[in-house]
Amino acid sequence: MRIVIDMQGLQHRDLVADEGSGQDLHFLVRDFVELAARGGHEIFLALNGTFKDSVEPIRAEYSRLLPREHVKCWQQYLSPVSGYSGDDWARHASELVREWYIGQLNPDLVWITDIFCGWLDDSVISARRLADGALQCITMQNFPNPEISEPRMADRYQAWRSARIDCMKRSDLVVILTKNISAEVFAAVNVSEGSVTKQNPSPILLDLATSSVEGLSRQSKAQALLNSFEARLRRSPESIAIKRIEYNKDPTDYGEIIGKLAEISEPSERGLFKMIQALRDNTIPSEGKRGLFLDLSTLVHFDCATGIQRVVRAITNELQKMDLPDLDIATVFSYPGHRQYYRTERLDDKYVIPDKDRLPESEVDFREGDILVLLDLNMASAISKKDEIARLRNMGVKVYYVVYDLLPLSFPHYFVPELSEEFTRWIPVVLASDGALCISRDVADKLATWVKEHRLKTAELFKISHFHLGADVQQSMPSKGMPKNAKVVLDYYKRNLSFLMVGTVEPRKAHGYALDAFESMWRQGIDALLVIVGHPGWRNQATVERLRRHEENGKRLFWLENASDEYLECIYAASTCLIAASEGEGFGLPLIEAAQHKLPIIARDLPVFREVAGDHAYYFPDDKSPEVLAEAVKDWIGKYRENKYPKSDKMPWLTWRQSAEQFLYAIRFQTGIDKRL
């Protein structure tokens, strides 16, 4: 038997404050699910997305009892709908949306956990507003008084109460859970206990609050409820055939529902639009491919062709080359403050924004089961979409963030205050998602440690995993171009001991520190070159000016501010050794690129560099004194001349294809879907 449990009876309650009937119902549902699932029944939970704060805790609580995809969440959109202050049209429309959504699950039986919610909140309850053969079963813990204390609300209250009683009458089984309401329920439904015939389609009433049941354990009450459901189903086998025929039709055919709505009142143009939107977003996708949406919200606006953008381009390109049996890859973007995501367009080798007049048709309709990965780093957009991301997650979309590093938290003094502050606000947004995909184990460990030490709240089932980056530059859409004097310069590097640093010239990269070390060596008569490749960065003007005006510039000091990827490849091949002096990194891609060219490596002794290079690099202590680096370079030169230095030739590294496969594996691990490519 397939049972759909309408969980609104639990969602609208404060189960901590409501120590009586609320917790009783909570335990009854949980015990029932455990018993029914163990007995071979197929259980689905249907949640109302309006009560957004309750969705994730319920998913987490039932994760050990049910497959995660059996905890469903429909989106209401049309509000307010409470009996007290709601709009009647919106309430009727929402009732149709709810029944239509539940019908797509093809239930044999629908259990409404609390029919009398919705007077003061936005719960939506109805039965058989649409043609559906599924049995409708109701549990009752209270019966509303016939009068209320606010005379001005009396008419609204009576209308709401009558509608709920009519819903009871259209149900198949009413189970009473609380003492002293049996007589009221029997009187309201106007039948005697147990009476049902073909001529009298009134519900069967079952009292589980009688003295004979009162002493039963929680599990026994749940078993009694399950027995009553099974017995009622056996009396109505014909209902199953009706239901199966009804919901074999196209789930995107909204005509019947719109017609039902028009019977109540003609919807306005805006109301009809919202109704169509609600139906569209509550369409449960048929079996088929999931959408894997990659957010490129920075790349499409500004591609600096280095760093994170290089990773985004490379991973995206490799994923789009794969023929995946279960995933459709799509690239999307958004703006800060926009709720919507839009599909990107491809122009030559670039991902671009559609023309303004085509933007509306590019809007993404996410469906349950889709996956959204914020591959690019656009903190402002992510922060502004916190509520929208929560809505997507409630409707069953998995959302993940790629975390490249925690440097603004670890080294706030190296960043402008605005960036560090924005990063601090971005981290809780990440933690409210399904998981973080970190670019190294070191970043993953640092994130887990930060969360623990700062006692940060995460989503109930939040996971942290990691993957490694690739290094074949040709697969990351490299920039092209060689200067006219390239051959002369490269030959000069080859003839000398040339030490290469690659990366943006910013404070944590320690270019000033390295220059101090080389000045010390130059004073000692050590004739070695320091070659720096990287754009000028931020908060580093003194070092930038020092490099540009240095007396050794063009002699033993070379700074190539705008070298293309093509030129950088040649510089790697012409250099003697790579120096990775950075005080903090998320991964350390230059180490991999150096190893591709069999270029030896001198690296600061950081965990992430150990993770990437292992025993294939020479490490110097993580110390602020330039003399430490100077001594390390001199020691390395001695080992180099004796051919006793660590070789990078056999250092393991990934292609971007392999990196994309690791990335995909991490997503599959996070989502729990089949891990095969």
Please determine whether any residue of segment 87-99 is in contact with a Cys (Cβ under 7 Å, 6 or more places away or on another chain) and assigned to a loop (DSSP other than H, G, I, E, B). no
Does Glu388 fit the bill of being within 27 Å of Leu47 (Cα to Cα), in contact (Cβ under 8 Å) with a residue 24 or more places away in the chain and of a type in the set (Asp, Glu)? yes
Just to verify a result, which residue in segment 515-538, among those that are among the charged types (D, E, K, R) and part of a helix (DSSP H, G or I), is farthest from Ala581 (Cα to Cα)? Arg523
Going residue by residue through segment 97-112, is there one that turns out to be of a type in the set (S, T, N, Q), assigned by TED's automatic domain parsing to the domain that holds Phe27 and surrounded by 22 or more Cβ atoms within 10 Å (Cβ to Cβ)? no
Single unsatisfied condition, Leu500 versus (1) among the hydrophobic types (A, V, I, L, M, F, W, C); (2) assigned to a strand (DSSP E or B); (3) under 30 Å from Lys321 (Cβ atoms): (3)
Across segment 31-85, what is the total count of residues that are farther than 24 Å from Glu99 by Cβ and either touching an Asp or Glu at 6+ places or on another chain (Cβ under 7 Å) or among the hydrophobic types (A, V, I, L, M, F, W, C) (or both)? 6
For segment 585-612, what are the residues that are of a type in the set (Gly, Ala, Ser) and more than 18 Å from Lys509 (Cα to Cα)? Ala595
Please go through segment 144-186 and pick out each residue that is surrounded by fewer than 20 Cβ atoms within 10 Å (Cβ to Cβ), touching a helix residue (DSSP H, G or I) at 6+ places or on another chain (Cβ under 7 Å) and part of a helix (DSSP H, G or I). Ile165, Lys169
So which residues in segment 617-676 are over 18 Å from Gly470 (Cβ atoms), over 21 Å from the mean Cα position of the chain (by Cα) and aromatic (Phe, Trp, Tyr)? Tyr618, Tyr619, Phe620, Trp636, Tyr640, Tyr645
Being surrounded by fewer than 14 Cβ atoms within 10 Å (Cβ to Cβ), over 24 Å from the mean Cα position of the chain (by Cα) and among the β-branched types (Val, Ile, Thr) is the filter here; which residues of segment 439-490 pass it? Val488
Take segment 29-53 and flag every residue that is touching a residue at least 40 places away in the same chain (Cβ under 8 Å), surrounded by 21 or more Cβ atoms within 10 Å (Cβ to Cβ) and assigned to a helix (DSSP H, G or I). Val29, Phe32, Ala36
Which of (1) farther than 15 Å from Leu47 by Cα; (2) modelled with pLDDT under 90; (3) of a type in the set (S, T, N, Q) is the odd one out, the single condition Asn106 does not satisfy? (2)
Would you point out the residue of segment 328-374, among those that are part of a loop (DSSP other than H, G, I, E, B) and of a type in the set (Lys, Arg), that is modelled with the highest pLDDT? Arg367
Which of the residues spanning segment 374-422 are hydroxyl-bearing (Ser, Thr, Tyr) and under 21 Å from Lys509 (Cα atoms)? Tyr404, Ser410, Tyr414, Ser420
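The values are calculated or read from the model by the stated rules, or taken from the named source; none is laboratory data. Computed from a predicted structure; not experimentally measured. Neighbour counts run over all protein chains shown; Cβ positions are idealised from the backbone, glycine included.
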